[in-house]
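Q: Have a look at this one before I ask anything.
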Amino acid sequence: MFLKLMVSFAMCYAVGVLPTYAEIPNHHIFYRNDNRAPLTSIEIVFLGAGNNQEPPSQIGLARTVSKLIWELAKKQGHLDQLEALGTRLNIPTSTLYQTISIYGLSENCGKSIKIVRDFIYNLEFSESDLQDAKKLMATDYENDLRKNPRTHMRNFALSQTTGIKKYKSLKALKNLSFEDIRQYCDQLLKTDVMFFKVISDLDSTEVAMLLHPITEKRETGGFVHTLGSPTMDSKIGPTAFVSDSNLKTVGCYWLILCGMIGEEDYLPSMISRALGRSGARGLLYKYFREELGLVYGTGSSYRTEEYVRFLEISADPQLQNSEELIAKMSDFLRELPDNPRFWEAIKELRENRNVAYAHVHEQLTPQRRLYSEVYRAIHNPPRRKGGYSSVTDEEVRAFLEKFFVSENMVMIFRGRKDNIREILNTHWPEAEVHEQSLRSVIE
Amino acid sequence: MKKIYAFIFFLVCVLPTSYCPAYQLIGTEVMSKELVAQHYTINSNLDAVIVVDRTIPTFEYHTYYSAGSADEEEGKQGRVHFLEHLISGTGSHEYGKLNQIVIENGGQKSAATSYHVTRFILRFPKDKFDLAVEIDRDRYYDTVINEEVVEKEKKIVLTERSRRRASATRGSLNIFFGLIYGKKNFDGLGTEAFIKQLDPVDLKDYYENFLRRQKRLVVVIGDVDIDHVLTKLDDAYSNEQISGESVIELPDPHYPSYEVLGRRLKRTVKSLSLTRFRKGWYIPNLGHRDYAGLLILERILERSSNSLKSSMVDSGLAKSFSMSVNSYKGFGLISCYAELSHDTSRNKLHTVIDAELEKLKSISEAELNAARNQQLTSMYSAFYNRLSMASSFGRAFASANDPLLYPKLIKDIESIRRDDIPRIINRYLRDYNSITHSLTVPEKKELLPRILSEYRIPVLALAGVGFLMLLGGFIVMLVWGGKKLHRKFS
């Protein structure tokens, strides 16, 4: 153990990050009871095996392994066995962990667990399996890009400005070797901290018994969890990324970077809610849709990507309204500290229990509670007594003055590039404009 | 004296019980350990479904009108969607005020128009039930439709329209359903010109005499007290008054159009990244036992291996492939949708579909059970999601007039047997019972082959003449050269 710690520290020193060990014990079960349906969801989480452990030359390694595991399950008939029980298998990859999840009828849950255990502990694959998985991954990359250009553009813009890794790179995918994959798989199964997220109508004792075969005789010594948090470049903007499109609607996004994951969430979350998160229509909706009629959809969301936190403001004007919208939204964001309506909205969030409550109740489902519990266990973000009502105007103002400034804004536009370039020249002459094809985002 | 006492006794005992609420319980379905759905009639035009779910201290309050964009006249589509914006956005208040009220009370609101249903969604903390009914009632009786709100909303609807038109998938869906409903320019949002010319008088008339006259369903799911819900709905709607004289009747239910059955149609557009292929088979509506069998069949066709989907995607024939079963007013549809490279042969797709269907006629018991389990998992999953559960009640009400058909479907799914599958395939999944549509790009042919194929006879004649001229020239040259040589050597 001591040796492992030393090695871990040495590695972190070499790549410039400090480790933060999760307080989650190995084989811990996060459990929530839900009797609304006779279903059970079990997520087996390998903490530390996410894509943040990939070096830049191996972007996509964790995702490729998840694809490979899924394809092997399909090829070897395990997926059919699970489907026969009404169980769905998912293998999603996130920044910090790799997950194998099963979801289906509670009555068949025990059988499903055994199928998954037998499969993952006897994982065997060949070079041709890997080549097939890589081919499918390349197709997935292209399909995902076509279906969800916004997410990819956002990731690309952040990778160019903050130094986080790109999600996807066709070049890196092509270069992944059999040995890379083999090593990853070995480390995955021996991940130091593997834990479970369970939602079920079964009681917790039954669930613990069901999970026993997975934990029994499991070796450790594989991936170790670290929260990478390199120093972010403080001068990132104003930068605009433009991709050409001949649509009559222009997709406009402003990313306002605001620190690192694990920092206190109250301020960015409160500001995002005042502006208007999806479903709860705040200032943006009132001003840009109801008063100016410039957009159909507009909103604000508070997000994280890898270790970076940011607010994303979106709007969808028609081509003929795009100049007015971009100019007014830019002014609106830069002048937010002087906007009396913004301060009224903050006051309302602080003082009117109902207004704050509307947003909180979404967090109360067993599914959301479980998510929050795991997030807190991993990141341990600071919590304050009194929630929103304890946030002062001075704190909000200081936050705005620090982050809602031109130098901290990354903009993304999807529309006719000549039109957007002209608008930016007029209204954001200081912005550094990058034009790129959508395809280049995954190259 | 006895008579007086008797009279008082009568007043005390009989009169308080003589108040008879208008609502009536007409059905109950146990959905799971915790959830029970109760179906009531509130008045002749309004039903309610209530499901108590105390997981979160909030409730959903949805109102479904059983009319949508497919119920509108040809050339006048877009009014229901426009009204949906006005009712949801403004209601009985001045512009922007309703949104403020909802936010101040910790709520959320939204609305949507689909083919046969228009829905209005409210979500509030549990102590705001009276407010939800008040908003719903005020919207129903007093929605403001004047010049100011109509002009403001036009800008927003036009922006929404331009955003939607950017999607090729939606475009192909509109063409497909235009064929099914027998409408040329099927678009629930209406054409740009039609939206621009909408005026408040016409819209008000349409609201009073068409939309408000449709049957409605209120769905309440959440942390509520059933008696309180019923009392408030009864207070608000038991004496429902509908003004207006010239009732606009629903157009004749001429859908689905049977003229398009058995046809394979195509439309081309110049700029399109992938060809969109859609095929649908007419099936019975929700409520018919075969509907459950078709849901199971859909699961089998879409499973990850040894299925229609895997045959399409794993072979590279299609970039993506999905199936769906849906219920519409008076009919149902099982359909498949694929995105393909432009050069993929659609005939090959049909061959694969036919082969897979043929294979399924001898489905095993294990395969059937697997599909049934998957379908049950999928249906039970919706019990975690109040929004999706409420929508299912709403759709069942609008398409088959019985919201409880949705939870009853679970029993039907359990009753499907192995021999139902070949019977269902033979009965419904036949080419003559289907409609196929592809949205693709115009075919590009090489210039020379195209000229050769289109002008074969003149080209052959010209080539023949050319050949003869060359041959003649060669002979003349040969004779001339021969004579010259002859002269030289003689």
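The values are calculated or read from the model by the stated rules, or taken from the named source; none is laboratory data. It should be emphasised that the depicted structure is a prediction, and the values quoted were computed from it without experimental measurement. Because the Cβ atoms are built from the backbone with ideal geometry, glycine has one as well, and the counts that use them run over all protein chains shown. Remember, those area values only see protein heavy atoms, side chains included, never the ligands or the DNA or RNA. Shrake-Rupley method; radii C 1.70, N 1.55, O 1.52, S 1.80 Å.
This table checks each residue for (1) in contact (Cβ under 8 Å) with a residue 12 or more places away in the chain; (2) open to solvent by less than 40 Å² (accessible area, probe 1.4 Å); (3) in a helix (DSSP H, G or I).
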{"position": "A:23", "(1), (2), (3)": "yes, no, no"}
{"position": "A:27", "(1), (2), (3)": "yes, no, no"}
{"position": "A:30", "(1), (2), (3)": "yes, yes, no"}
{"position": "A:43", "(1), (2), (3)": "yes, no, no"}
{"position": "A:49", "(1), (2), (3)": "yes, yes, no"}
{"position": "A:57", "(1), (2), (3)": "yes, no, yes"}
{"position": "A:64", "(1), (2), (3)": "yes, yes, yes"}
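Q: Residues that are under 27 Å from the mean Cα position of the chain (by Cα), under 30 Å from residue A:244 (Cα atoms) and not assigned by TED's automatic domain parsing to the domain that holds residue A:309: find the helices (runs of 4 or more DSSP H) completely inside segment A:98-193 holding 1 or more of those.
A: A:127-147, A:149-161, A:170-175
Q: Just need a number here: residues in segment B:73-84 that are open to solvent by 10 Å² or more (accessible area, probe 1.4 Å) and within 14 Å of chain A (Cβ to nearest Cβ).
A: So the count comes out to 1.
Q: Kindly indicate the residue of segment A:221-256 that is within 14 Å of another protein chain (Cβ to nearest Cβ) and part of a loop (DSSP other than H, G, I, E, B) and also modelled with the highest pLDDT among those meeting that condition.
A: Checking each candidate, the answer is A:250.
Listed here are the residues, each with its yes/no results for (1) touching a residue at least 24 places away in the same chain (Cβ under 8 Å); (2) on the phi > 0 side of the Ramachandran plot; (3) touching a strand residue (DSSP E or B) at 6+ places or on another chain (Cβ under 9 Å); (4) more than 14 Å from every other protein chain (Cβ to nearest Cβ).
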site	(1), (2), (3), (4)
B:363	yes, no, no, no
B:368	yes, no, no, no
B:372	yes, no, no, no
B:376	yes, no, yes, no
B:379	yes, no, no, no
B:383	yes, no, yes, no
B:388	no, no, no, no
B:394	yes, no, yes, yes
B:398	yes, no, yes, yes
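Q: So, one more: Based on what the data block shows, is residue B:102 open to solvent by less than 30 Å² (accessible area, probe 1.4 Å), β-branched (Val, Ile, Thr), at the interface with another protein chain (Cβ under 10 Å from one of its Cβ atoms) and on the phi < 0 side of the Ramachandran plot?
A: yes
Q: Give just the number: which of (1) touching a residue at least 40 places away in the same chain (Cβ under 8 Å); (2) closer than 18 Å to residue A:303 by Cβ does residue A:189 not satisfy?
A: (2)
Q: Mind checking which residues of segment B:162-184 are touching a residue at least 24 places away in the same chain (Cβ under 8 Å) and out of contact with any strand residue (DSSP E or B) (no Cβ under 7 Å at 6 or more places or on another chain)?
A: Residues satisfying the conditions are B:164, B:173, B:177, B:181, B:182, B:183, B:184.
Q: For segment B:380-421, what are the residues that are over 16 Å from the mean Cα position of the chain (by Cα) and over 27 Å from residue A:104 (Cα atoms)?
A: The answer is B:401, B:402.
Q: Here's another thing I want to ask about it. Could you please let me know if residue B:334 is more than 14 Å from chain A (Cβ to nearest Cβ) and part of a helix (DSSP H, G or I)?
A: In short, no.
Q: Now for a different question. So if I check each of B:48, B:37, B:70, which one is within 14 Å of chain A (Cβ to nearest Cβ), closer than 21 Å to residue B:395 by Cβ and small (Gly, Ala, Ser)?
A: Exactly one residue qualifies, and that residue is B:37.
Q: Test residue B:110 against the stated conditions and say whether it is more than 10 Å from every other protein chain (Cβ to nearest Cβ), within 23 Å of residue B:229 (Cβ to Cβ) and touching a strand residue (DSSP E or B) at 6+ places or on another chain (Cβ under 9 Å).
A: It is false that residue B:110 is more than 10 Å from every other protein chain (Cβ to nearest Cβ), within 23 Å of residue B:229 (Cβ to Cβ) and touching a strand residue (DSSP E or B) at 6+ places or on another chain (Cβ under 9 Å).
Q: Considering segment B:144-183 alone, what residues qualify as being more than 14 Å from every other protein chain (Cβ to nearest Cβ), in a helix (DSSP H, G or I) and not polar (S, T, N, Q)?
A: Scanning segment B:144-183 gives B:147, B:173, B:175, B:176, B:177, B:178, B:179, B:180.
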